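Trainee: Below is the structure I would like to discuss, written out as structure tokens.
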Amino acid sequence: MKRLLLFSFLFSFFQPVFSGNENLPVGARSAAIGNASVCLIDVWATYHNQANLAYYKNITAGVYYENKYLVKEMSLQAVSLVLPTKKLGVFGVSFSRFGYSLYNESKYGVSYARTFGPNFSAGVQMNYLSAHVGENYGTKGAFTVELGVRANITKQLVVGFHAYNLTRAKMANYNNERIPTVLRLGLQYDFSQKVFLSAEVEKDIDYKPMFKAGMEYRPAKLFYIRAGISTNPFISSFGIGFNISDKVNIDLASAVHPVLGLSPMASLSYNFK
């Protein structure tokens with residue numbers, strides 16, 4: 001019954017042709033803190049705020065998997081690669097895919113970020129989005145642009161802003177189907193080297209705003225505990241992280257929807273020091 005309801009929801013949302021292609025959140029660390037991650041520096045900044053990439057010094061790669069609502073046909077896979085240079089700034093490459101053979105969305109991204117002094121950075125990303133619908137509907141694609149900025153107000157307080165698809169790119173002419181335009185504004189406050197709190201407001205210009213908040217606590221050098229919430233709808237999340245070494249990080253998380261249930265996820269990153 002649960003799977004039937006999910007598929008009914010999915011197809012009613014995406015029929016009769018192409019839509020969707022929202023900027024799906026990626027990364028188990030981000031998910032664990034309610035996706036309040038517009039200020040978060042990690043390899044998944046290629047999805048949350050490209051300005052955060054500017055502080056990377058080493059090549060870093062990550063892989064991610066999410067099983068939405070424990071239905072394999074609604075799985076999300078992603079990879080991200082961060083490529084710092086000595087003088088030109090930091091480049092990023094990312095790819096994600098949501099769905100299964102009869103319906104799937106893909107996102108290919110190339111990003112660039114750099115600092116402007118010690119307390120400010122900015123980044124931009126060009127994406128190619130595609131949506132495929134089976135049963136002879138075919139595939140549609142479009143290009144979008146996203147950009148972000150980050151400002152270190154004090155040593156403890158950071159403010160970030162991210163905009164996705166400001167150009168209101170169109171996926172299909174039928175029914176004027178446009179890719180969502182989403183704005184995010186958030187802050188992160190570091191209480192110490194062990195604890196930070198993040199909060200964020202996200203606004204899809206066609207829907208009500210969403211509030212997100214989360215906290216990360218490091219009780220030991222190699223171990224992290226995280227929790228978060230988001231609204232509209234209300235979703236709670238939690239997770240843990242492990243620094244296996246200076247090079248390898250593993251993050252595990254789950255999000256709980258009040259109706260659709262549990263969505264477990266995991267990500268792994270490798271720092272080529």
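Trainee: Can you name the residue in the stretch 85-106 that is in contact with a Phe, Trp or Tyr (Cβ under 7 Å, 6 or more places away or on another chain) and in contact (Cβ under 8 Å) with a residue 40 or more places away in the chain and, of all such residues, is farthest from Lys57 (Cα to Cα)?
Mentor: Among those that are in contact with a Phe, Trp or Tyr (Cβ under 7 Å, 6 or more places away or on another chain) and in contact (Cβ under 8 Å) with a residue 40 or more places away in the chain, it is Tyr103.
Trainee: Looking at the stretch 128-142, can you tell me whether even one residue there is of a type in the set (Ser, Thr, Tyr), in contact with a strand residue (DSSP E or B) (Cβ under 8 Å, 6 or more places away or on another chain) and under 25 Å from Glu216 (Cα atoms)?
Mentor: Checking the stretch 128-142: not a single residue is of a type in the set (Ser, Thr, Tyr), in contact with a strand residue (DSSP E or B) (Cβ under 8 Å, 6 or more places away or on another chain) and under 25 Å from Glu216 (Cα atoms).
Trainee: Continuing with the same structure: Would you confirm whether any residue within the stretch 41-55 is farther than 30 Å from Phe196 by Cα, at pLDDT 95 or above and of a type outside the set (Gly, Ala, Ser)?
Mentor: no
Trainee: Can you name every one of the strands (runs of 3 or more DSSP E) wholly within the stretch 43-138 that holds 1 or more residues which are over 20 Å from Val26 (Cα atoms) and of a type in the set (Ser, Thr, Tyr)? Break it down stepwise before answering.
Mentor: Details: elements: 60-67, 75-84, 90-99, 103-115, 120-133.
Passing ranges, in order: 103-115, 120-133.
Trainee: All but one of (1) over 27 Å from Lys68 (Cα atoms); (2) touching a residue at least 12 places away in the same chain (Cβ under 8 Å); (3) of a type outside the set (Phe, Trp, Tyr) hold for Lys140; which doesn't?
Mentor: (1)
Trainee: Further question on the same structure: Just to check your reading of the model, which residue among Ser101, Ser96 is of a type in the set (Gly, Ala, Ser), farther than 21 Å from Gly261 by Cα and surrounded by fewer than 16 Cβ atoms within 10 Å (Cβ to Cβ)?
Mentor: Ser101
Trainee: Go through the stretch 131-153 and give me each residue that's of a type in the set (S, T, N, Q) and at positive phi.
Mentor: Start the filter on the stretch 131-153 by keeping residues that are of a type in the set (S, T, N, Q), which leaves 136, 139, 144, 152.
The answer is Asn136, and nothing else.
Trainee: Any idea which of (1) within 18 Å of the chain's Cα centre (by Cα); (2) of a type in the set (D, E, K, R); (3) modelled with pLDDT of 95 or more is the one Arg114 doesn't satisfy?
Mentor: (1)
Trainee: Among the residues of the stretch 217-252, which ones are of a type in the set (A, V, I, L, M) and in contact with a Phe, Trp or Tyr (Cβ under 7 Å, 6 or more places away or on another chain)?
Mentor: We begin by selecting, within the stretch 217-252, every residue of a type in the set (A, V, I, L, M); these are 220, 222, 225, 227, 229, 235, 240, 244, 248, 250, 252.
Hits for the stretch 217-252 are Leu222, Ile225, Ala227, Ile240, Val248, Ile250.
The values are calculated or read from the model by the stated rules, or taken from the named source; none is laboratory data. Everything numeric here is computed off the predicted structure, so don't read it as measured data. All Cβ positions, even for glycine, are placed from backbone atoms using ideal geometry, and neighbour counts span all protein chains on display.
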